[in-house]
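The values are calculated or read from the model by the stated rules, or taken from the named source; none is laboratory data. These figures come from a predicted structure and were not determined experimentally. In this analysis, Cβ positions are derived from the backbone assuming ideal geometry, glycine residues included, and neighbour counts consider all displayed protein chains. Only protein heavy atoms, including side chains, enter the accessible area calculation; ligands, DNA and RNA are left aside. Shrake-Rupley method; radii C 1.70, N 1.55, O 1.52, S 1.80 Å.
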Amino acid sequence: MKPGAVRLNVADRERARAFYEETIGLREVGKDDSALQLGADGRLVVELVETSDAPRRPPGPFRIFASCSG
């Protein structure tokens, strides 16, 4: 079994994109009106969905852990 991608609700999709691209090294692998898909080696890792009710906080490893752990 392989782990799947995580979907994160973010307040600012472009700010979150910058973090995941510049800090973690992910690249865009897809995009539509509701989500930006980032991954590595052509494999989807994270989907960023901009929502008005997402808390404004800096993106980072804790956010990824919190989203994966429930």
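A few points about this structure:
- For the stretch 1-21, the condition holds for no residue, the condition being that it is at pLDDT below 95, β-branched (Val, Ile, Thr) and open to solvent by 50 Å² or more (accessible area, probe 1.4 Å).
- A residue that is open to solvent by less than 40 Å² (accessible area, probe 1.4 Å), closer than 15 Å to Val10 by Cβ and modelled with pLDDT under 90 occurs somewhere in the stretch 32-54.
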